[in-house]
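Before any comments, here is the structure.
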Amino acid sequence: MEFCGTHILSVKQFERSDVDRVFEVADNMAPYARRERITKVLEGAILGNMFFEPSTRTRVSFGCAFNLLGGQVRETSDVKTSSISKGESLYDTARVISGYSDIIVMRHPQMGSVSEFAKASRVPVINGGDGPNEHPSQALLDLYTIKKELLSNDRQIDGMNIAMIGDLKHGRTVHSLSQLLLLYDNITFTLISPIELRMPAGIVSELTAGGHKVIETEDMEAGLNDNDTVYLTRIQEERFTTKLEADIYRGRFRLNQSIYTRYCQPNTIIMHPLPRDSREEANELDNDLNQHPSLAIFRQTDNGVVVRMALFALVLNVADKIDDSATDVGWYTQGRF
Ligand code: NCD
């Protein structure tokens, strides 16, 4: 794909070589993300960071990624304080904000809304999550993490076994990740969810048609066996009509130290897009795994910064100029990584 000036809306836009390019640029971002060096390659550029749904790490990491490249960030993060609450259309908001920004990241509760917004935008738009549909930057950072974690054990993405657990119906992260994995060969997907919250049938058919093996089950213990990666997700309460309806499924699947030791392989990678629901009644991923070497959840969040830096650099066409303006940092930076 030609990254320069392109909207990043769906993982379906990516070929395997595009993913490799993102990962290669992300690798080059490490010294900047670790605060060993500073670049000003996007000095003067403005990111319109528009989040019309709750977000902590996606919003902040996109913002930090832009700052780390030398750019500035303008946040719109509440429907109530934006003109959308006055009935403004996505078209008008896109026309206006794209006049103030060089690139826009947008999250919105409606499926397809970010694509609609992008059509009216005069600058590139990155999808930060459109309802239950897609979350392409999360899928890229998840895959980047999987690749690194597997490589440290001499394994690779092709041929791996991955279990996805939880609300697979509404979880946009698992929708995007599984579709991105279509670019690889011979993967076994074990999809563990309540029957009502199964992965959409269209995605399951695509995986099967792509030559991958798909097992759908409600039996978590059996499904955990023999996986390179287990990817847990939260019950997406905000997609249910009432909290009571979501409560039916909360806490159905839980991973903790004893279940991991009993059913997983010794080095199965544990992933979660976060936030994990740590309330007693949910607790899908227990704190007793926090020190476990295979727990990759905070490596995922760290990787989110370099992957998002790479997307900005590619779309704004500065990926080969990062080091040109680079200098060393002058402040205390020890101990962060
Ligand atoms: C996810 C999301 O918003 O889709 N979070 C994230 O972006 N890291 C997952 C979730 O909210 O459960």
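The values are calculated or read from the model by the stated rules, or taken from the named source; none is laboratory data. All values derive from a computational prediction rather than experimental measurement. Cβ placement follows ideal geometry from the backbone for every residue including glycine, while neighbour counts extend to all protein chains displayed.
Numerical summary
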{"item": "Enumeration of residues in the range 36-55 that are within 16 Å of the ligand (Cβ to nearest atom), surrounded by 17 or more Cβ atoms within 10 Å (Cβ to Cβ) and farther than 19 Å from Ala120 by Cα", "result": "Glu53, Ser55"}
{"item": "Where Gly99 falls short, out of the listed (1) under 22 Å from the mean Cα position of the chain (by Cα); (2) over 22 Å from Ser178 (Cβ atoms); (3) outside any helix (DSSP H, G or I); (4) small (Gly, Ala, Ser)", "result": "(1)"}
{"item": "Residue match in the range 56-72 (condition: surrounded by 14 or more Cβ atoms within 10 Å (Cβ to Cβ), within 16 Å of the ligand (Cβ to nearest atom) and assigned to a strand (DSSP E or B))", "result": "no"}
{"item": "Residue satisfying condition, being aromatic (Phe, Trp, Tyr), assigned to a loop (DSSP other than H, G, I, E, B) and either surrounded by fewer than 18 Cβ atoms within 10 Å (Cβ to Cβ) or within 15 Å of the ligand (Cβ to nearest atom) (or both), within set Phe298, Phe253", "result": "Phe253"}
{"item": "Flag if Arg308 is surrounded by 13 or more Cβ atoms within 10 Å (Cβ to Cβ), in contact with a Ser or Thr (Cβ under 9 Å, 6 or more places away or on another chain) and closer than 30 Å to Gly44 by Cα", "result": "yes"}
{"item": "Residue within the range 242-265 that is acidic (Asp, Glu) and either in contact with a Leu (Cβ under 6 Å, 6 or more places away or on another chain) or not assigned by TED's automatic domain parsing to the domain that holds Val125 (or both) present", "result": "yes"}
{"item": "The listed residue being surrounded by fewer than 17 Cβ atoms within 10 Å (Cβ to Cβ), within 22 Å of the chain's Cα centre (by Cα), of a type in the set (Gly, Ala, Ser) and over 22 Å from Ile146 (Cβ atoms), out of Ser278, Ser258", "result": "Ser278"}
{"item": "All strands (runs of 3 or more DSSP E) inside the range 121-203 with 1 or more residues being modelled with pLDDT of 95 or more and within 22 Å of Asn225 (Cα to Cα)", "result": "161-165, 188-192"}
{"item": "Which listed residue is touching a strand residue (DSSP E or B) at 6+ places or on another chain (Cβ under 6 Å) and crowded, with 16+ Cβ neighbours inside 10 Å, from Asp130, Asp142, Asp167", "result": "Asp130"}
{"item": "Subset of the range 226-247 (residues that are outside any helix (DSSP H, G or I), surrounded by 14 or more Cβ atoms within 10 Å (Cβ to Cβ) and not charged (D, E, K, R))", "result": "Asn227, Thr229, Val230, Tyr231, Leu232, Thr233, Ile235, Gln236, Phe240"}
{"item": "Residues (among the polar types (S, T, N, Q) and either over 14 Å from the mean Cα position of the chain (by Cα) or in the same structural domain as Pro109 (by TED's automatic domain parsing) (or both)) located in the range 139-196", "result": "Ser152, Asn153, Gln156, Asn161, Asn186, Thr188, Thr190, Ser193"}
{"item": "Scope the range 67-99; condition under 23 Å from Leu42 (Cα atoms), touching a Phe, Trp or Tyr at 6+ places or on another chain (Cβ under 8 Å) and not acidic (Asp, Glu); matching residues", "result": "Leu68, Leu69, Gly71, Gln72, Val73, Arg74, Thr76, Ser77, Ala94"}
{"item": "Asp320 free of Cβ contacts under 8 Å to residues at least 60 places away in the same chain, in the same structural domain as Pro109 (by TED's automatic domain parsing) and outside any helix (DSSP H, G or I)", "result": "yes"}
{"item": "Any hit, the range 79-101, residues being within 30 Å of Asn28 (Cα to Cα), surrounded by 21 or more Cβ atoms within 10 Å (Cβ to Cβ) and within 14 Å of the ligand (Cβ to nearest atom)", "result": "no"}
{"item": "Exclusive hit being in the same structural domain as Val105 (by TED's automatic domain parsing) and within 25 Å of Glu149 (Cβ to Cβ), set Glu88, Glu43, Glu53, Glu36", "result": "Glu36"}
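Conditions (1) under 30 Å from Met199 (Cα atoms); (2) β-branched (Val, Ile, Thr); (3) not assigned by TED's automatic domain parsing to the domain that holds Arg308, marked per residue:
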residue	(1), (2), (3)
Gly71	no, no, no
Asp102	no, no, no
Phe117	yes, no, no
Val123	no, yes, no
Gly129	yes, no, no
